[in-house]
Amino acid sequence: MLTKYRIGLLLAAVSTLGLGVAITVSRFAYEGGSNGLTVATSRSILLVAALAIFCRLTHRVLTISPRDQLHMIGLGVLMGIGFFGNVGAVEYIEIGLAAILFFSFSPMICVIYIVFLREPPGWIRAMAILVAFVGVVIMIGVPSSAPDLRGVSLSLGAGIAMAWNVVWIQRRVHHMEPFVLLFHTAVIAAVMLSVLLFLTGSLRFPVSPSGWFGLSAVAILQSISLPLWYVALLRIGALHAGMMTNLQPVISIVAAYAIFGEVMGLWQILGAGMILAAIFVMQRPVPSPVNP
């Protein structure tokens, strides 16, 4: 019989698999004539619908205080940036590179605490930040053919947005029920991306069956996987859920090889390994100092 913890691990694994594959299959949408903004907007709208249904079925109250509503606006904008950059980068750069650069948000969180919140990281995490930074430099600067800066900017921008999102939630709205918080931020993200899509005239649906498959797969996989991750988070805690999440870029790289035959160069593999090692260290619990 499955225990609550094992069910949580299973849900985290399914979520991680879905989110990792979603980044890879977005390539089908772009090859089929769509673009990053259309894919991100479609994804966010479907996520709002999925969360609304889930909250309704589980009798969650979606009403929040005016103070929390203000926080939701800022968090929703950050989520919109993350949604766009996470899948949009694949339109311009390799899937593996996009996935790894986005998931460097874990060391970015530590940098935010050091630079803006004046909280010392300890020497272990300080070394991890340095390793991650060198890994990023290697991945985008050493390969024989320099990657498209649009894709690099989208991936890193999404990572920065995700890092600020995590810090903001932890420090300002940690009291909110996770699914209610996710619903409200997803609504803001969907509205922001929809308006941006309309103002820029960037709406471009796929023109081939494979393109529609890619667009639909991204929206469905991420709309199901993200809520599943929150369910897993409630069952097994942030540390173990975070450890499982670290496998997402690995899944994206493996899927990119299996589906598209995309292979990372030696230097990119080295840089990716350094970033993944740093992410692993960032997820490790830090012992509390003992008072003399």
(1) in a helix (DSSP H, G or I); (2) more than 24 Å from Phe105 (Cβ to Cβ); (3) touching a residue at least 60 places away in the same chain (Cβ under 8 Å): which one isn't true of Phe83, the others all being true?
(2)
Scan the stretch 25-40 for residues that are open to solvent by 20 Å² or more (accessible area, probe 1.4 Å) and under 23 Å from Val254 (Cβ atoms) and jot them down.
Arg27, Phe28, Tyr30, Glu31
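Checking the condition charged (D, E, K, R), open to solvent by less than 60 Å² (accessible area, probe 1.4 Å) and on the phi < 0 side of the Ramachandran plot, which residue from Arg6, Arg43 passes? Write out each step before concluding.
Values: Arg6 fails: open to solvent by less than 60 Å² (accessible area, probe 1.4 Å).
Matching residue, one of Arg6, Arg43: Arg43.
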Given the structure, is Ala163 open to solvent by less than 60 Å² (accessible area, probe 1.4 Å), of a type in the set (A, V, I, L, M, F, W, C), under 18 Å from Thr245 (Cα atoms) and touching a Phe, Trp or Tyr at 6+ places or on another chain (Cβ under 6 Å)?
yes
Unmet criterion (only one of (1) in a helix (DSSP H, G or I); (2) out of contact with any helix residue (DSSP H, G or I) (no Cβ under 7 Å at 6 or more places or on another chain); (3) more than 19 Å from Thr185 (Cβ to Cβ)) for His59:
(1)
Which pairs have Cβ atoms under 6 Å, sit 6 or more apart or on different chains, and link a residue in the stretch 90-103 that is open to solvent by 10 Å² or more (accessible area, probe 1.4 Å) to one that is part of a helix (DSSP H, G or I) and of a type in the set (D, E, K, R)?
Tyr92/Arg150
Given (1) surrounded by fewer than 24 Cβ atoms within 10 Å (Cβ to Cβ); (2) in a helix (DSSP H, G or I); (3) at pLDDT below 95, where does Leu70 come up short, assuming only one miss?
(3)
Does the stretch 83-103 include one or more residues that are farther than 26 Å from Thr41 by Cβ and aliphatic (A, V, I, L, M)?
no
Here are some conditions: (1) modelled with pLDDT under 90; (2) closer than 21 Å to Leu221 by Cα. Val90 meets all but one. Which one does it not meet?
(1)
Arg171 fails exactly one of the following numbered conditions: (1) among the basic types (Lys, Arg); (2) loosely packed, with under 15 Cβ neighbours inside 10 Å; (3) closer than 22 Å to Ile93 by Cα. What is the number of that condition?
(3)
Taking the stretch 9-24 on its own, how many of its residues are aliphatic (A, V, I, L, M) and open to solvent by less than 10 Å² (accessible area, probe 1.4 Å)?
3
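The values are calculated or read from the model by the stated rules, or taken from the named source; none is laboratory data. Computed from a prediction, not measured in an experiment: that's the story for all the values here. Ideal geometry is used to build each Cβ from the backbone, glycine not excepted, and the neighbour counts take in all protein chains shown. Heavy atoms of the whole protein, side chains included, go into the accessibility calculation; ligands, DNA and RNA do not. Shrake-Rupley method; radii C 1.70, N 1.55, O 1.52, S 1.80 Å.
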